[in-house]
Structures are given as structure tokens and as C-alpha cells.
Amino acid sequence: MIAAGATVGAVAVLTAGIVAVSGPDKPHQAASAPASSSPHPSGIVFPDGPDATVAPGQTPGMVIKWAALDGDSAWDQRDRASGSGPWTVTVRRHDGSVGINSAVVTFPVPAPGKGRAVEVGGASGTAGDGEITWRIGGAYARVRGDLPEPELVAIAAATTVTAGRPAVAPPAGFSVTATAPSRPRDLREVRYLSAAAGEAAALSEGVTFTGVVRCGGFEDRLYAAKARAAGTVHGKPAVVTSALEGDGLLAWEPTPGVVAYVGYSGAPFTGAAVAALHRIAERTRLLDPQQWQATGAQTTNGVNDFG
């Protein structure tokens, strides 16, 4: 990390501190313009550098390299009740990645609506568009993904529930990537003016944002939104959608169990916008806890629900 026009000592002081704000719980909302257009007090900029190593269970931060942070632009919304909500199991085919050739099992979920009857391990279930819901463990579970229906059925049949949490014995050719609450405990986003991110031509004068979560609910929403494959980011397969947060969003899995994304608000969802998201994503950098503190991120209480 470097601070434009500041000494190394000033950066060390900034790194040591973090602003913590405890406010009323509120649901997650799409990124909007930074609260202040004035420069960050440190003028901090993150230069080129390697992604931080992500420890098991850790949620990293993520910034756009060489893009200056504005005041109040980084924040960590903490969902202290996420563990008491639904839980998820992320299952990947051998050739799968986030949003591609994979599925997410969620328990519990509401009873299914209309759909086709389907057999799940000798029990009755309801099949919808890319999802199957069935009764198990005294409630309902759902598996949602982009896999063919027979593979979704096999994953459902391999699911058990113990003490209110789902587990999957993956069928042949599949593996379990993560088991986690549906809602992430920590939602870490950084908001930039699109001009500061260098993409005003494609994304207008709106907002560009980066985000990182560790949960299954975000990927589940990618399947519900029918996100489509969109090349790679840092060599990892990516998907894109206009039906989640902001006007467009590009997501990938930098390390198992962690989903990173970049998105924007303020311009139509076009091929040029998707190309701009790719350019931004290739300039992102994962941060470890100490580096994340150096963004001056504010911590608030909230409900990290992506719908």
C-alpha cells in the first residue's frame, strides 16, 4: 500500500486503525454513490501486488489497483444473525466453478409453489426451472443450479439434514466446495466513482463497486438470475448478470468458498459495459485483514440478504 503524497509512517498509522460504527440492522442494498466526494483523508491507493492469501473461513477485502479511495467508500456490513438463518452446501461438478456446472443446496426454504412432480430418493419433490424443492428434516430443502435435472436430483437425493444443517455426500464426479450460512457474516464492498475507476466512457458517471462474500446464498441468487458464462478473471471462470446488484455484475471464485464480484450502477447493461467490468476485474486485488483496515472501512450491522 502507498499513500499518495504521504509518508510510509502515515500509512502505518492508518493501517493500525479501523472505524467501527454500530447502527441499527438494515438489509443489504445495492451500492450507491459514496457518502462523500472528498478524497480519502490519506489519499490511499493500492498499487500492483499479489492477492492476499486467504485463510480458512476468512473473508478478504478487495480493491481496484491504482484507483484512489474516496471518503467512506469502503464498508463491512456484518450480519451477526447469519448463522441462525438458512444454511447452504455448494456442490461442483469436476469441471465446475461459481455459477457454472454447479449447484447450491439450501435448507430450510419455503414450501414450493407450482411445478412438476419429481422423485427424490424415493420421496416426492417439485421441479422448477433449474431447481428442485423437497421435504426433508421436518422442513423443505432446495437445490438450485445450472446442471441438468438428473444431476440436480442426484444431489438432492444425496442430501441429509442434521441439527438443522444440510450435508451432501457428493455423487461421483462432484465435490463439496463449501458449507456455510446462506447469508454472509461479512459483506465487504468498496465503492468508486466510475470515472475514478477509469471507465466513465463505458459506465457513465455512476458508481463502480467491488465486493467479496463467503456464503452460498450469493451463488444461489446467480442461478436464480440465470447468470451467463463470461470468460475468465485472473484465470478463473466468471459469470455476468444484470439481475442482481446494480445495473450489471461480474462474479468469479478467486479461492474455494469465496465469491468476488465487480459491478456498476448508472449505465445500460451492454457489451461495452461487460467489457469494462472485465477490465476492472483484472485490476482487482484481494486484501488480508491488515490491508483491509487500511482502507478505512466502516463496520455496520445489517442483514446481508441478496434476495
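Brief remarks follow.
- Approximating the spin labels as points 7 Å out from Cα along Cα→Cβ, the Asp305-to-Glu205 distance works out to 3.6 nm.
- Distance (nanometres) between label positions extended 7 Å along Cα→Cβ at Thr270 and Ser175: 4.2 nm
- Gain on full stretching of the segment that runs from Thr255 to His234 - 0.36 nm per residue minus C-alpha separation: 6.4 nm
- Stretch gain in nm, segment Asp48-Arg135, where the contour uses 0.36 nm per residue and the Cα spacing is subtracted: 26.3 nm
- For peptides 278-291, 177-190, 49-62, sequence by mean Cβ density within 10 Å, most packed first: 177-190, 278-291, 49-62
- Between Glu119 and Lys65, the simple label model (points 7 Å from Cα in the Cβ direction) yields a spacing of 5.5 nm.
- Counting only aspartates and glutamates at least 8 places from Lys114 when in the same chain, those with an alpha carbon closer than 13 Å to its own are Asp129, Glu131.
- Annotation: average projected area of the range 86-181 is 5.5 square nanometres, based on the convex hull of Cα atoms across all directions.
- Report note on the peptides 111-117, 101-107: ranked by the mean count of other C-beta atoms within 10 Å, highest first, their order is 101-107, 111-117.
- Once the Cα-Cα distance is subtracted from the 0.36 nm per residue extended length, the Ala195 to Glu149 segment shows a gain of 12.2 nm.
- Net dipole in debye of the chain [+1 Lys, Arg Cβ; -1 Asp, Glu Cβ; about Cα centre; nearest 20]: 480 debye
Computed from the coordinates by the stated procedures, all read-outs in this text should not be read as laboratory data. Remember, it's a predicted structure, so these values are computed and weren't measured experimentally. We place every Cβ from the backbone using ideal geometry, glycine too, and count neighbours over all the protein chains shown.
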